[in-house]
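A short worksheet on the structure shown next.
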Amino acid sequence: MRLTGALLVGGASERFGSPKALATFQGETLAERGRRLLAEACDEVLVVGKEADGLPFPVLDDGAVSRAPIHGVIAALRAARHDVVVALPVDVPLVTPSVLRALGDSGAVPAERIPLPGAYPRALLPELERRAAADDLSLRGVNPAILVVDAELLVDADTPAELAELARLAGRRAAAPSRTQG
């Protein structure tokens, strides 16, 4: 199955204090990392957010006044060359390409209450548009397909301190001896 990856960079970053997309994590910006992870998992990658934010890379504007991931998912589904969009918030640096690919192949989200990162088939676009028009900006419950994912891979960073903690955890994981999975 061919997939479109959508890196969501349209958040306000209020608690972070500066654009999250430009924060550094293990030697690359969160935007570079997100694009790389999606490129390893998907056949096309879009970066979706607010063009007016002036980020130093091309951004597909989500066309909405408010800041909510639903707008990025809608814009990505409208622009995607493929029928399934795998949406990844820029502030989820521990997720792996294999998890993103599995979500896409399954057309699923990690849990009803954890809709991102997750896959959104084009068939969900009318429901997403209906919700956005009604100012119901939650993605929860839009995609009923669930693929259980290791919760540690889904942790987001809302502050620089949280990002530093995720980098520390990632460093510890990389240094730990690998375990074979059966």
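Listing for the model above:
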read-out	value
Qualifying residue in the stretch 43-64 (condition: under 15 Å from the mean Cα position of the chain (by Cα), in a helix (DSSP H, G or I) and either among the β-branched types (V, I, T) or surrounded by 14 or more Cβ atoms within 10 Å (Cβ to Cβ) (or both))	no
Near pairs, Cβ below 6 angstrom, 6+ apart or cross-chain, from the stretch 11-34 (of a type in the set (S, T, Y)) to any residue that is not in a helix (DSSP H, G or I)	S13/P19
Given (1) closer than 30 Å to T24 by Cβ; (2) part of a helix (DSSP H, G or I); (3) open to solvent by 10 Å² or more (accessible area, probe 1.4 Å); (4) in contact with a strand residue (DSSP E or B) (Cβ under 9 Å, 6 or more places away or on another chain), index of the condition G72 fails	(3)
Failed item in (1) open to solvent by 60 Å² or more (accessible area, probe 1.4 Å); (2) within 17 Å of D158 (Cα to Cα), with A21 passing the rest	(1)
Residues satisfying the stated conditions in the stretch 131-153, i.e. closer than 21 Å to R33 by Cβ and out of contact with any Pro (no Cβ under 6 Å at 6 or more places or on another chain)	D150, A151, E152, L153
Matching entry among G141, G104 (being outside any helix (DSSP H, G or I), open to solvent by less than 50 Å² (accessible area, probe 1.4 Å), farther than 22 Å from T29 by Cβ and small (G, A, S))	G141
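The values are calculated or read from the model by the stated rules, or taken from the named source; none is laboratory data. Everything numeric here is computed off the predicted structure, so don't read it as measured data. Because the Cβ atoms are built from the backbone with ideal geometry, glycine has one as well, and the counts that use them run over all protein chains shown. Heads up: the accessible areas ignore ligands, DNA and RNA and are worked out on the full protein's heavy atoms, side chains in. Shrake-Rupley method; radii C 1.70, N 1.55, O 1.52, S 1.80 Å.
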